[in-house]
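To start, the structure itself, in structure tokens.
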Amino acid sequence: MSSLPHSTPEAQGIPSAAISAFVTAVERKLNVMHSFVLVRHGAVVAQGWWEPYRVENPHVLFSLSKSFTSTAIGLLVAEGRLSIDDQVISFFPDETPANPSENLKAMRIRHLLSMSTGHTSEPFSRMEDHPGTTWVELFLMHPVEHVPGTHFLYNSHATYMLSAIVQKLTGGRMVEYLKPRLFDPLGIESLSWEMSPEGIDTGGWGLRLTTSEIARFGQMYLQKGKWNNAQIIPEAWVDQATSFQIDNAPASPDWQQGYCFQFWRCQHNAYRGDGAFGQYCVVMPDQDAVLAITSGMPEMQETLDLVWQYLLPAMGNTPLPADGEAQKALADQLANLKLPLVNGESTSPTAARVSGQVYSLADNPDQVKSIRFDFNDGETVLTLDGGEKIGCGYGEWKHSTSNVPPLDVSLRERTPPEFIPWKIGGSGAWTDATTYTAKLWWVETPFSLTLTCCFSDRGVTITQLGNVGFAPTTGPELSGWIAST
């Protein structure tokens, strides 16, 4: 059995009202959480998905992927196939520079794990300067200014090297190595992992899982590597991988507690794996609890602040009396979670005039040639280049699939084939007499896009605004004119 049992919050020592207050605070202060699963004493006590996000959809994890890469290394250590004190260059004799520096020669697997390779900049930063160089070669040729183990630098390229080592030792992709050892026992089925051009799993990012699968991974770590009475990973590795390894630069409170082996220490003796824009697997040993979260957050500390404020102090040591009224209120709240819809009118005098029109678009970086708007009762359909259709509901989210990627460069430049077609949730409304606004969420990612479409007599101007990203979140303005009537 791979799923977790369910229980009421009170049976596990948490007032339902406290969880409800957490959800209310999340919606009031953040309004960009996509899902959460809260586990206490091994049972799911609350979970929720904000429409258009759904329970069955896997979500991009970004750097939360690193904790799974760490787990692969721990399994190889347990199998006696490597030691964390092995030299990094010993695995790559053909890619190592002819005269490696003393610091490069001193670099061990433990330094990759703890982000203490000795670099002062990430090797990926020089990729454009070395076209045709493999990712492994790029890492090994990068200057190592500090003695490994003495300087912290958050470095996703280091995690990639761990994945490359796994592939060297096993002869296959890391995701294939983990499947029978970790993913299958935990019932993780939705996995896919982005690869480098050389066919190596990226390691530091690129994995996607459902929120429930993230929670099971965290629960297995909370249980010291056990799952269904089987020792999936050694307890010694769990202790080592989640303990303080190196100090990191002062930052927000939960980013200055120290770094582990591809995990972070938290306040309150907790630890976590996390990924950009608010993907979390928070393990709280003192409370015997796990919290999995997906979201589209620009400031990640704010989410943890609400966890510490509302959930952590509510976790008591003994079961509480049943509270049917509070449990029902919480269940109703969780069943009706919804990201904010576009506010406005269902139609406009402009709608009848422009519905069905095809607008030819001026040259643009997205190379979109045309757009058509079809305004129907309760739903608008946007058609790009005569084929890609995206639905937008009025007063509700409409789900559609499309090959149109999100605005952010991280998924536009390298899209795993499993992501296509993209799943999109859309909402729209007339925000004034000549302006239709559409909000689109790519529901297996943190990313949204707001399209503001301003109609004139025979033209349309469309502005694009994303929510979060690794590059500017304002897309190119699109201008078009009626091509047919």
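Rule-based calculations on the coordinates, nothing more; no lab input. Remember, it's a predicted structure, so these values are computed and weren't measured experimentally. With ideal geometry, Cβ positions are generated from the backbone for all residues, glycine too; neighbour counts draw on all protein chains shown.
Length gained on full extension, S2 to E477, computed as 0.36 nm times the residue gap minus the Cα-Cα distance: 166.2 nm.
Note the full-extension length gain between N364 and Q301 as 0.36 nm times their separation in residues minus their Cα-Cα distance, in nm to one decimal. Taking N364 through Q301 to full extension adds about 19.0 nm, to one decimal. As a calculated quantity, the FRET efficiency between T415 and D385 at R0 = 25 Å, using C-beta atoms, amounts to about 0.90. Within the range 1-103, the GluC sites (Glu not before Pro) that combine a DSSP coil assignment with at most 12 other C-beta atoms in a 10 angstrom radius are E56, E79. Net charge dipole, the chain: roughly 460 debye, given to the nearest 20, about the Cα centre with Cβ charges of +1 for Lys and Arg and -1 for Asp and Glu. Using the Cβ-Cβ distance between A43 and F244 with R0 = 22 Å, the FRET efficiency computed as 1/(1 + (r/R0)^6) comes to roughly 0.15.
Looking at the range 401-459, the GluC sites (Glu not before Pro) that sit in a DSSP loop and have at most 16 other Cβ atoms within 10 Å of their own Cβ are E413. The dipole here belongs to the range 64-192: it is taken about the Cα centre, uses +1 on the Cβ of Lys and Arg and -1 on the Cβ of Asp and Glu, and is about 320 debye.
At an R0 of 41 angstrom, the distance between the Cβ atoms of L334 and A230 translates into a FRET efficiency of 0.85.
Helix-only arithmetic for the chain: the sum of -39500 (n - 2.57) across DSSP H runs with n ≥ 4, divided by the residue total, places the mean residue ellipticity at 222 nm at -6500 deg cm²/dmol. Inter-label distance, F124 to R181: 2.4 nm, where each label sits 7 Å from its Cα along the C-beta direction.
Among the listed pairs K168/K423; K179/K423; K179/K224; K224/K398; K29/K179; K29/K328, those whose Cα-Cα separation exceeds 30 Å are K168/K423; K224/K398; K29/K179.
Placing unit charges on the Cβ atoms of the charged side chains and taking the dipole of the chain about its Cα centre, the candidate lying farthest along the positive direction among Y221, S360, H6 is H6. Note on the range 349-484: with charges restricted to the Cβ of Lys and Arg (+1) and Asp and Glu (-1), its dipole about the Cα centre is near 80 debye. Of the chymotrypsin sites (Phe, Trp or Tyr not before Pro) found in the range 225-280, those that fall in a DSSP loop while having at most 16 other beta-carbon atoms within 10 Å are F244.
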